[in-house]
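See structure below.
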Amino acid sequence: PEESVTGSFASFIHAARPEQLSQTVRQRSKRMILDSIGVGLVGSTTGVFDIALRYCRELYSSVAVSSVYGKPGLKLSPTLAAFTNGVATHSMDFDDTWHPATHPSGAVLPALLAASQMLPPKTKPSGLEFLLAFNVGLEVQGRLMHFSTEAHDIPKRFHPPSVVGTLGSAAATAKLLSLGCAQCRHALGIAASLAGAPMANAATQAKPLHVGNAARLGLEAALLAARGMEANPFILDDIPGCSGFSAFYSVYQPKPLPAPGQHHQFLLEKQDIAFKRFPAHLGMHWVVDAALSVRNLLVNYAGSFSPSLIRSIVLKIPVSKYINRPFPSSEHQARHSFQFNACAALLDGDVGLGSFSESSIHRQELRELLGKVVVEHPEDNVANFDKMYGEVALLLHSGDVLTGKCDTFYGHWRKPLSKESLLKKFRSNASHVLPEEKIEAIIALVDNLENLSDSSQL
């Protein structure tokens, strides 16, 4: 087992050390942590979070030691806190996104926050140990996604956080708990049996459960391994005739994960993360920026934005069934609709939290714009977050055509949010549930995370 792919992952988890995190990795991961806390806090104001929280409070009783986003004074058992905070993080589809496609922070951070509060006072992990565990969770997710070419495209079968996120949570928690190498291997194996959720539940209230369950079940896998539960020690290997992790991918070619050392480079070093400026599926950010660009052209052309001048709206987008929704009827469908986000940006000149309210979704003027949309799928516009683009063309009654195109939106890993933009987003999100002094305290804690003696302060 020690010489297998699974064994190499377990060895990496066990052997990783804080000093192997470069300054770039530390800074990028702290930005992810801060952003994830912010979207979790604003997510605690949503209806789906209320359902999940009520479920946990009413149906479960346990030792309550772990905090819940947006609910000062309320604590749950560690696994249920990880679950509810994971739900909050993804409740608006506002959380970070990586390539190949997944939401890495929401599956890992809630588990680590809950686990850090669970441990006895004299064994609390330091901030640097917390940061290392977080990056171990990211690394495992990223490496697993690179084992399949299928994972590089916008998913069709399984929602990635429910698959790689569950194993990432298990790996991160195993690291935080200082599990032995064999226990880390079993944690991955147990987590694989708890992973997976279908893409058909995208654009519904069930989708945030995928991230909540990834955080919770990964934590449970590590706790079970710590208590002696065993699993297949070759779970990540490609064994003919017996599917392990390969069950989630039609093409699966695993490679050993090199032991961390002086020359090991974490994936976060090579590729930054995408942070969203508004709460919707990542693909929407291309069409919104393209729509805002062409809106400015129409304002310059006509002196104002006038929908009556538009005969039709042509969207050139990649083929992806679950985000091609001509007339969304709920906030979750609207967050997964190319058509809605393009038209909302055209009509309002912006897309934000309020864009997905019931009153905004069902506006007559917005519905009229949606009725003018025509969708095209150019062959060169592939369903891949690293290669796709968004194009919005306005065909006017005058015969003129105005076009806006976006290859890389602001917030993409190729065009990262500035520190000022990230802090503005965090403060805005956190202000929905926290006073200013607590908001600034969280910013200071995350910024100084390496120097905290007790990460449970976070």
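Ignoring aspartates and glutamates fewer than eight residues from K276 along the same chain, the ones with Cα atoms less than 13 angstrom from its Cα are D35, D93, D95, D96, D289. Sorted on the mean count of surrounding Cβ atoms within 10 Å across their residues, most packed first, peptides 108-114, 263-269, 183-189 read 108-114, 183-189, 263-269. Calculated from the structure at hand, P(r) over Cα pairs in 20 Å bins from 0, in percent is found among (1) 26, 55, 18, 1; (2) 20, 41, 25, 14, 1; (3) 20, 37, 30, 12, 1 as (1). Of the chymotrypsin sites (Phe, Trp or Tyr not before Pro) in the range 320-412, the ones in a loop by DSSP (not H, G, I, E or B) with at most 16 other beta carbons within 10 Å are Y410.
Give the peptides 154-166, 432-444 in descending order of average Cβ contacts within 10 Å, highest first. Don't skip to the answer; put the middle values down first.
Details: 154-166: 25.2, 432-444: 14.2.
Per-residue mean Cβ counts within 10 Å order the peptides as 154-166, 432-444.
If you take the Cα centroid of the range 105-179 and the Cα centroid of the range 269-343, the two points sit 31 Å apart.
For the range 282-406, the antiparallel share of DSSP beta bridges with both residues in that region comes to about 75%.
Would you work out the relative contact order for the range 223-356, in percent, from Cα pairs under 8 angstrom that are 6 or more residues apart? Could you put the intermediate results ahead of the total?
Details: 100 pairs, mean separation 29.2, N = 134.
Once divided by the residue count of the range 223-356, the mean separation gives 22 percent.
Accessible surface calculations at 1.4 Å, restricted to protein heavy atoms, place the chain at 38 Å² per residue.
Which net charge results when you count Lys and Arg as +1 and Asp and Glu as -1 among the other residues whose beta-carbon is under 14 Å from that of L113? Working shown, then result.
Working: positive: K71, K75, K124, R216; negative: E129, D454.
Taking every Cβ under 14 Å from that of L113, the sum is +2.
Here is how the number arises for the chain: DSSP H runs of 4 or more residues each give -39500 (n - 2.57), the sum is divided by the residue count, and the result at 222 nm is -14500 deg cm²/dmol.
Could you work out the relative contact order of the range 282-406, using alpha carbon pairs under 8 angstrom and six or more residues apart, expressed as a whole percent?
Values: 223 pairs, mean separation 52.5, N = 125.
Over the range 282-406, the number comes to 42 percent.
Rounded if a/c is under 1.5, else prolate if a/b beats b/c, else oblate: with a ≥ b ≥ c from the C-alpha gyration tensor eigenvalues square-rooted, which is the range 170-272?
In terms of gyration-tensor shape, rounded.
For the chain, give the percent of accessible area contributed by carbon and sulfur heavy atoms, probe 1.4 Å, rounded to a whole number. Intermediate results must be reported in sequence, preceding the final value.
Numbers: 8960 of 17460 Å².
Exposed carbon and sulfur together represent 51 percent of the surface.
Counting DSSP beta bridges in the chain, what percent are antiparallel, to the nearest 5? Here the share of antiparallel DSSP bridges comes out near 80 percent. Partners of K71 within straight-line reach, counting lysines whose Cα lies under 19 Å from its Cα and excluding those fewer than 8 residues away in the same chain: K438.
The values are calculated or read from the model by the stated rules, or taken from the named source; none is laboratory data. Keep in mind that this is a model prediction, so the values were computed, not measured. Don't worry about glycine lacking a Cβ; one is built from the backbone with ideal geometry, like all the others, and counts go over all protein chains shown. Ligands, DNA and RNA are excluded from the accessible area calculation, which covers all protein heavy atoms including side chains. Shrake-Rupley method; radii C 1.70, N 1.55, O 1.52, S 1.80 Å.
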